[in-house]
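First up is the structure itself, then whatever we jot down about it.
The values are calculated or read from the model by the stated rules, or taken from the named source; none is laboratory data. All values derive from a computational prediction rather than experimental measurement. Cβ sites come from the backbone with ideal geometry, for glycine too, and all protein chains shown count toward neighbours.
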Amino acid sequence: RYFTLWQSDVDDYTYADKAAGCYREAIRQDSTNCDLYYNLAVVYYNKAVFKYRKIGPETDIFEVITVQMEGVELFKTKALPA
């Protein structure tokens with residue numbers, strides 16, 4: 001439910017963080033459920049994608065670099081390990 005609520009306002013990470021927390025707690029209870037790991041990875045992947053989608057032709061190059069670095073960090077340290 002948190003993931004669905006987040007989709008209504010992707011700039012507010014409150015629901016994304018709550019969804020990730022629920023998935024982490026569920027994984028703690030059942031570490032053999034592959035769907036939980038997948039859904040956790042999707043949360044972090046989408047956080048990065050929504051950051052990238054904000055980039056437009058008028059975005060300053062330094063802001064683009066910052067967004068790219070944040071996205072890579074989410075992919076490498078959060079989404080891929082899950």
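Overview of values
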| read-out | value |
| --- | --- |
| Output for the stretch 56-82, where each listed residue is assigned to a loop (DSSP other than H, G, I, E, B) and at pLDDT 90 or above | GLY56, PRO57, GLU58, THR59, ASP60 |
| Residue within the stretch 16-23 that is surrounded by 13 or more Cβ atoms within 10 Å (Cβ to Cβ) and not in a helix (DSSP H, G or I) present | no |
| Per-region count, the stretch 24-55, residues of a type outside the set (A, V, I, L, M, F, W, C), surrounded by 11 or more Cβ atoms within 10 Å (Cβ to Cβ), modelled with pLDDT of 90 or more and not in a helix (DSSP H, G or I) | 1 |
| Test: residue in the stretch 45-62 that is small (Gly, Ala, Ser) and in contact (Cβ under 8 Å) with a residue 12 or more places away in the chain | yes |
